[in-house]
Amino acid sequence: MIGEDYLQTRAQLGTALYALTSLAHDLQATPETVETLQGLNASLREPFLFVVMGEVKAGKSTVLNALFGKDFCRADVLPATDRIYLFKYAAEPKDVAINEHMTESYRPNTFLRDFNIVDTPGTNTIVPEHQRIAEEFVPMADLVLFVFSITNPWGASAWEFLNLIHNRWKKNILFVLQQSDLRNAEEIKAVKKHLEQTAREKLGSSPPIFAVSAKTAYQAKTGDPAQRAALLAQSHFDELEWHIGQTIAGGESRAGKLRSVCQSAQVIVRELAEKAKGAFATIQKDNDRIQQLGGVLEERKEQSLRQVGGVLWSLAQNFERTQKKSEELLAERLSWGRTLQLVFRKQKWHTEFQESIDEQLRETLKRQVANSIELLETDLKGVWQQLHENIQKTFASEVPTPPAPPDFINERDQLLKRIELTLMERMSGHAIEERMTKMFDDAAAWMRVPAVIAGAGGAATVAAVLAHVAIIGITGSVAGVAALSGAAVAVVKRNRILGEFRKHMATKREEILSPVEDHLRHAITLFYQELGGTFLPLQAFCGAQRKIYEPVLMRLKQLDDTFGKLGSELGVSTTAAQEG
C-alpha cells in the first residue's frame, strides 16, 4: 500500500483525535475548542492529491490502475473526447460533469478515501481550458507523476508543460518511463540517461526517474498471488511505489500537518485535563464537606436524643411528686376509723380516688410534655436553620432552590396527640381499680372476724352485768383481744394497700415513660432522617460526577500518552507541545 506508514500514523492520530472530540463534548468544552478539534479532524481526513500528466497514449491511466491495483481509469479514451477526470470516493459509482472539459468520477474504491486522483488529457491535446484547470490542481498536488512512453519520451508539449509547473510551483515531480517491457536493459539505461540530461537542460534539475511496466505490475496485483513477487520485480514497479511512499510520508507539507495536529491535540488534551481535574477536585471537596456536615448532624442528633433523657428525668420527678402526694392522701383516707368502716359497709371512694389521681397525673405530665416538646422544637429549628445556612453557603451553586423547612407546628401537634393518646391509654385501664377493690374487700373480710368477736364479747359483758355473772371478766378480755386483733389486721391491710398502690404507680410510671420516650426518639430520628435527606441530591450528584470524571481523567491520561508517543515519532518537541 502506498504511504502505508504515513497512513497508519494518520489513522492512529485520527482515532485519538476522534476520542478527544467525544471527550470534549462530554466535558462541555467551549465552542472554540470543539470547532478547533473539528477543524483538526477535517484537515486529517483531507486526501492526498495525485496529478498524472503526459502525452496521449503514454500510459497514464495504466500507471494509475497499477498503483492502486484497480481498473478505475479508462485507458482507451480517444484524444478527441478526452477530458480531465478527478477521481473521488463514493459508495456508488457515478460521473458528474462539472463542465465540458472536466468530470468528477466517484468510485467505491477504498483507496480513494485517502487518494484523490487527477487524470489529465495528453499534453499534446491540452486546450487552454484544460491547461487552466490542470494548473488549478497542480499547486494543491502532493505529487505530480509525469508519464513518458519509453518508445518516445521526447514530446515537445510535455517539456513545455513541465517547464511551466516546475518553475512556478516546484512540486514533487516524478518521471515514469512507461512500457519498459518494450525495451531491453541497455536501451532503458540509455533512455533514462538522455531524459536526465534533457531535464537538467530544460528544468535545471532532474526529477527521480523510474522505468516501469505498469501492465506487468497490474497483472501482479490482480492475478495469481503466487506470481505477484516475481512480476513486481520484473515490472520494477515496487521501486516506484516505495519512492512515492517515502515522498508523501516525508513531505514537509503532510508531515508538518501531522505534527501540527498532534501538537494542537496535546495542548487541548492538557487543557481539558486541567478542567476535568479542577471539576473532580471540586467534587471531592464537596463530598468531604457533605461528610463533615453529616458528622455535625450526627452529633446534633445525639445531643437531641440526650435531651430526651432530660425530659424523661423531669417527667419522672413530676410523677414521683404526684405519687408521693397521692400516697399521703391515700394514707389519710386509710385512717383507723375509715378502715373499720370497711367492716360494715362497702365504699367506692377508692375508685374515685384512683380516677382523680390518674386525671391529676395525666394533666401534669401533659403540661410537662408540651413544655418539653416546645423546647425540643426550638432546638430542632435551630439545627435546621444552621444546616440550611451551611448548605446555602457551601453549595449555593448546586442547590439553587433552598429546601423547604419542615412543618414544625404540624409535626409538634401530631407528636403531642400521639403522646396524649398514650397517656390516656396507659391511665384508662381498670386493673388497678379492680386490684384495689379486691384488696379493700379482702381487708373487710379479715376485719369482720375480730369485729364480730369484739361485738359478741361486748354483748356478753352487758348480759353478765345484768345477771351479775362472774364471766364478765372473761368476755371483756375476749372483746379486748378481738379489738386488738382487728386493729392489727387493719394496720396490715392498710400497709398492703399502700404498698400495692406504690407498686402499681411504679409500674404505671414505666408504662407511661417508656412509650413517651419511644415517641420522642422516633420523632427526633425522623426529623434527622429528613434533614439527612437534604444531602441525598448532593450525594447523588457527587456520586454521578465521580463516575463521570474518574474514567474521563483516565481516558485523558491515555490520550495524552498516545499523542505524546505519536508526537515523539513525528518529531514534535515536548516543550512545543507544552507551550502550545
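Derivation of every value follows stated rules applied to the coordinates shown; laboratory data play no part. In this text, all values refer to a predicted model and were calculated from it rather than measured experimentally. Counting neighbours? That spans all protein chains shown, and the Cβs are built from the backbone with ideal geometry, glycine included.
Between Gln12 and Gln529, with labels modelled 7 Å along Cα→Cβ, what's the label distance in nm to one decimal, could you check?
Modelled inter-label distance: 5.8 nm.
Near the amide H of Gly54, under 5 Å away, which other amide H atoms are found, from residues 5 or more places off or on another chain, if H is placed in the peptide plane?
Thr123, Val147
Using the Karplus curve 6.51 cos²θ - 1.76 cosθ + 1.60 with θ = phi - 60°, what ³J(HN,Hα) values do you get for each residue of the stretch 190-204, in whole Hz, with x for Gly and Pro?
Each residue's phi maps through the Karplus curve to give 5, 5, 4, 5, 5, 5, 4, 4, 4, 4, 5, 5, 8, 10, x Hz.
Going down the table (Lys301/Lys324; Lys275/Lys547; Lys275/Lys393; Lys393/Lys417), which pairs top 25 Å between alpha carbons?
In this structure, Lys301/Lys324; Lys393/Lys417 lie more than 25 Å apart at Cα.
Using modelled backbone amide H atoms (1.01 Å from N, in-plane), which distant-in-sequence or interchain residues come within less than 5 Å of Phe115's amide H?
The answer is Phe48.
Would you mind putting 23-29, 144-150 in packing order, based on average other-beta-carbon counts within 10 Å, highest first?
Final packing ranking: 144-150, 23-29.
Amide H of Phe210 versus every other amide H placed in the peptide plane: which residues, excluding those fewer than 5 positions away on the same chain, fall under 5 Å?
For Phe210, whose amide H was placed from the backbone, the distant partners under 5 Å are Phe175, Val176, Leu177.
Quick one: Karplus J couplings for the stretch 18-28, per residue in order, coefficients 6.51, -1.76, 1.60, θ = phi - 60°, nearest Hz, x for Gly and Pro?
4, 4, 5, 4, 4, 5, 4, 5, 4, 8, 6
R0 = 35 Å: FRET efficiency of Asp95 with Leu164, Cβ-based, nearest 0.05?
0.80
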